[in-house]
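Below: one structure, written as structure tokens.
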Amino acid sequence: MKIGILQTGLAPKELVDDFGEYPGFFERLLAGNGFTFETWSVVENHFPQSATDADGWLITGSRHGAYEDHDWIPPLEALIRDIVAADRPLIGVCFGHQIIAQALGGTVEKFTGGWAIGQQSYDFGGETMTINAWHQDQVTKAPEGAEVVASNPFCANAALLYPGKAYTVQPHPEYADDFIQGLIDTRGKGLVPEDLMQDATARMGQPLDSAKMAQQFTRFFHEGRLT
């Protein structure tokens, strides 16, 4: 099964040598599940010709806001709607989660409650999953027809299921603690409150449920469902 990765942001230059670019994170996360991958760097205006150029699609995170005025945002939203109409399974992570919601009629805003960084716990229908996060923007209004399948007190719409169409999550299952520390060191200073960064560093080293979320992604790509 060919997965098209739509890259919507570039990793910090200081971290690329050690970690690579964002598409590689997802290739590693989903390795061993029968997928091949092709990336289009939409943030650099490189788009696929059609929603049918891949069997399934994944939209990465980004430092940009879904509501910002970038020339690649409108064609990305149009592509999202085409993918949904073509019945190709679609997954979005962080910015991907947000831009899919916005393209389908939801609302994305800079959250007045501030930032979530590092390990966060989410309620997935009674099961707690701990995943790394790095965001201030949130989906504040889910699109019509989207089901909220995960939340916590800070992020009400932490994961949305568009039955048979798309599955999107606010946290980053592709990020391990070392990359979060890299973001703290390269992008956090002067942007994220110091106490939040210190707290995130203190929480590092606890088990993450990234593999469980990778299983969710795999099942959704292959079967169009989570369970």
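Measuring nothing but how far apart in sequence close Cα pairs (under 8 Å, 6+ apart) lie, relative to its length, segment 103-227 scores a relative contact order of 25 percent.
Mind running the shape call on the chain? Use the C-alpha gyration tensor, a ≥ b ≥ c as the square roots of the eigenvalues: rounded below 1.5 for a/c, prolate if a/b tops b/c, oblate otherwise.
It is rounded, given that a/c, with a ≥ b ≥ c, falls under 1.5.
Only helical DSSP H runs with n ≥ 4 go in: add -39500 (n - 2.57) per run for the chain, normalise by residue count and round the 222 nm mean residue ellipticity to 500 deg cm²/dmol.
Details: 7 runs with 68 residues, N = 227.
Using -39500 (n - 2.57) per qualifying helix, the result is -8500 deg cm²/dmol.
Remark on residue 162: its backbone amide H falls under 5 Å from those of 147, 167, 168, a criterion applied only to residues 5 or more positions apart or on other chains, H modelled at 1.01 Å from N.
If you count Lys pairs in the chain whose Cα atoms are under 29 Å apart, skipping same-chain pairs closer than 8 places in sequence, the total is 12. Helix 73-85 and the longest principal axis of the Cα set of the chain meet at an angle near 60°.
Ranked by the mean number of other Cβ atoms within 10 Å per residue, highest first, peptides 167-173, 3-9 order as 167-173, 3-9.
Rounded to the nearest 20 debye, the dipole magnitude of segment 2-223 is 300 debye, with +1 charges on Lys and Arg beta carbons, -1 on Asp and Glu beta carbons, and the Cα centre as origin. Placing dummy labels 7 Å off each Cα toward the beta-carbon, the span from residue 219 to residue 45 is 4.2 nm.
Dividing the Cα convex hull volume of segment 101-141 by residue count, how many Å³ per residue is that? All intermediate terms of the calculation are to be shown ahead of the outcome.
Values: hull volume 3.7 nm³, N = 41.
Per residue, the Cα convex hull of segment 101-141 comes to 89 Å³.
Annotation for residue 211 and residue 38: the two label points, set 7 Å from Cα along the Cα-Cβ direction, are 3.2 nm apart. Note the angle between two axes, namely the Cα long axis of helix 210-223 and the longest principal axis of the Cα atoms of the chain, as a number of degrees from 0 to 90, rounded to the nearest 10. Approximately 10 degrees, to the nearest ten. Label-to-label distance for residue 77 and residue 152 is 3.0 nm, based on points extended 7 Å past Cα in the beta-carbon direction.
Contact order for segment 154-227, expressed relative to its length and based on alpha carbon pairs under 8 Å spaced 6+ residues apart, stands at 32 percent. Over the chain, Cα pairs under 8 Å with separation of 6+ residues give a relative contact order of 19 percent.
Throughout, read-outs are computed from the coordinates displayed, never taken from laboratory work. Everything numeric here is computed off the predicted structure, so don't read it as measured data. Virtual Cβ from ideal backbone geometry, glycine too; neighbours counted across all protein chains shown.
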